[in-house]
Amino acid sequence: MEQLSFFTQETDLTAPLASRLRPQTLEDYIGQEHLIGRGKMLRQMLDTDRISSMIFWGPPGVGKTTLAKIIANMTHSSFVDFSAVTSGIREIKDVMKQAEADRMAGLKTMVFVDEIHRFNKAQQDAFLPYVEKGSIILIGATTENPSFEINSALLSRCKVFVLQPLNEDDLLKLLHRALCDRKGLGYTTINIEERLLKAIASFANGDARAALNTLDMAVLNGEMNADGSITVREDVLEQCLGRKMLLYDRNGEEHYNLISALHKSMRNSDPDAAIYWLARMLEAGEDPLYIARRLIRFASEDVGMADSRALQVAVAAYQACHFNGMPECDVNLTHAVVYLSMAPKSNALYIGYGMAKSDARSMLSEPVPLQIRNGVTKLMQDLHYGEGYEYAHDTEEKLTTMTCLPDSLRDKTYYHPGNQGQEASVRSRLEEVKAFRVSSAIPFMSDKS
């Protein structure tokens, strides 16, 4: 542990580009407007110098450490930084002892712990009494969910701020700054097309450090011109990225073309095509969580009751993407894509809700039938709320003849199960239910839709 080393300024051009360009003020900080924008909670805490213990949670390269450094510059406190990788409990206790002495003298101490999730329970517990007494202001940074990795007692005394991946506009702004700032690459003229900068921003997937490192590597391997300028060409950038620059625009037509191709390949029960289109998207830099969300939708829209486990598989794939990230989650998505491709298909839920939505929008004033209203007060009971309600569990068949639709929709049918997979048994069961109600001589439903 090295006190105040946090503020050492790296001006050597051999230092990593991300280190040379690290902002020192909020005005230079890019991204996280939901936290540091004017009027936002963290910004107000900083502007009024009323900092409390906090945890920064977010993926790598989104500015957790940088924001902690800026807070240290702005606050009137002594500052100590720990690395959870190299600091032991003895170092923690030594710093806490000094912090307690400073508190008695009226001084505040701010402690920053990078990768706080790597501290074990005993190390985290060593901070607890000093955070509770206010001897220190603790700022922890973690890429892992604090709910699982931080002791609940310590977590309850810290405000958690979630940092989001930078969007492509933010990354482009950062790349342009790197090309112009003399602390970055502004000491020479760099010739690079805007589309190549956009490709770097896209492939970085929200990680500012990755974007800057890629740009730095591309410039170092660029073509030196006679006038001393450097030209970065597409083939050089492809080597730096380690992949072919596929035609792809996350916000453009090709984005929707590829997700459509994936969706329709799964619907057509073609796992080979589905895997190919999945790979096209992932290798072009698509957010795996976006793909996972589309798989969740597909599981209910195109598989539905034919195999209800499809929804569980899709949700599990989303969670796996969240836990693993790329590239490890590619096989998790492949697992889900193949399962959905081979699952029996039914769009009965999709069609049924569409029909019900149309009726609901055009008949918003239809009253709830009295028999299924909840008569919780005497007035409601006097108005016959709940009168005629039949409790299905009181019958041998666990069925009643009670009508639950409004009178104007009494004969309406929305759900028409198919014969694929598990939905065949659902269809059989529904036919039994309808037959029971018909045999009881109480009108229930017809096939009118």
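The values are calculated or read from the model by the stated rules, or taken from the named source; none is laboratory data. For clarity, every value in this text was computed on a predicted model and none was experimentally measured. So basically every Cβ, Gly included, is an ideal-geometry build from the backbone, and we count neighbours across all protein chains shown. With ligands, DNA and RNA removed, areas are computed over all heavy atoms of the protein, side chains included. Shrake-Rupley method; radii C 1.70, N 1.55, O 1.52, S 1.80 Å.
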For Asn251: the one exception among (1) open to solvent by 60 Å² or more (accessible area, probe 1.4 Å); (2) farther than 30 Å from Thr188 by Cβ; (3) part of a loop (DSSP other than H, G, I, E, B); (4) at pLDDT 90 or above: (4)
Condition first: open to solvent by 50 Å² or more (accessible area, probe 1.4 Å) and in a loop (DSSP other than H, G, I, E, B). Now tell me which residues in the stretch 275-286 satisfy that. none
Of the residues in the stretch 329-357, those that are farther than 24 Å from Ser425 by Cβ and open to solvent by 70 Å² or more (accessible area, probe 1.4 Å) number 3
Quick one: is Tyr414 in a loop (DSSP other than H, G, I, E, B), over 20 Å from Val438 (Cα atoms) and either open to solvent by less than 90 Å² (accessible area, probe 1.4 Å) or among the charged types (D, E, K, R) (or both)? no
Of the residues in the stretch 197-224 that are among the polar types (S, T, N, Q) and open to solvent by 40 Å² or more (accessible area, probe 1.4 Å), the one that is nearest to Ala15 (Cα to Cα) is Asn213
What single numbered condition from (1) crowded, with 19+ Cβ neighbours inside 10 Å; (2) of a type in the set (Gly, Ala, Ser); (3) under 17 Å from Lys159 (Cα atoms) fails to hold for Ser52? (1)
Going residue by residue through the stretch 290-301, is there one that turns out to be of a type outside the set (A, V, I, L, M), open to solvent by 80 Å² or more (accessible area, probe 1.4 Å), without any contact (Cβ under 8 Å) to a residue 12 or more places away in the chain and out of contact with any Cys (no Cβ under 8 Å at 6 or more places or on another chain)? yes
Out of (1) surrounded by fewer than 20 Cβ atoms within 10 Å (Cβ to Cβ); (2) modelled with pLDDT of 90 or more; (3) assigned to a loop (DSSP other than H, G, I, E, B), the one Gly31 does not meet is (1)
Could you run through the stretch 361-373 and say how many residues are aliphatic (A, V, I, L, M) and open to solvent by less than 50 Å² (accessible area, probe 1.4 Å)? 0
Could you please let me know if Cys158 is at pLDDT 90 or above and open to solvent by 70 Å² or more (accessible area, probe 1.4 Å)? no
Test Thr8 against the criterion of being on the phi < 0 side of the Ramachandran plot, at pLDDT below 90 and crowded, with 16+ Cβ neighbours inside 10 Å, and give yes or no. no
Does the stretch 103-127 hold any residues that are part of a helix (DSSP H, G or I) and either in contact with a strand residue (DSSP E or B) (Cβ under 9 Å, 6 or more places away or on another chain) or surrounded by 15 or more Cβ atoms within 10 Å (Cβ to Cβ) (or both), and which are they? Arg103, Ile116, His117, Arg118, Gln123, Gln124, Asp125, Ala126, Phe127
Take Glu194 and decide whether it is open to solvent by 20 Å² or more (accessible area, probe 1.4 Å), in contact with a helix residue (DSSP H, G or I) (Cβ under 9 Å, 6 or more places away or on another chain), touching a residue at least 12 places away in the same chain (Cβ under 8 Å) and not polar (S, T, N, Q). no
Are there any pairs, at least 6 apart or on different chains, whose C-beta atoms fall under 7 Å, with the first in the stretch 33-44 and of a type in the set (Gly, Ala, Ser) and the second open to solvent by less than 80 Å² (accessible area, probe 1.4 Å) and in a helix (DSSP H, G or I), and if so, which? Gly37/Arg43
Could you identify the single residue in Lys93, Lys97 that is open to solvent by 10 Å² or more (accessible area, probe 1.4 Å), in contact (Cβ under 8 Å) with a residue 12 or more places away in the chain, under 26 Å from Ser156 (Cβ atoms) and more than 24 Å from the chain's Cα centre (by Cα)? Lys93
In the stretch 287-321, how many are among the charged types (D, E, K, R), farther than 21 Å from Phe203 by Cα and in a loop (DSSP other than H, G, I, E, B)? 1
Are any residues in the stretch 417-431 in contact with a helix residue (DSSP H, G or I) (Cβ under 7 Å, 6 or more places away or on another chain) and exposed (fewer than 15 other Cβ atoms within 10 Å of the Cβ), and if so, which ones? Asn419
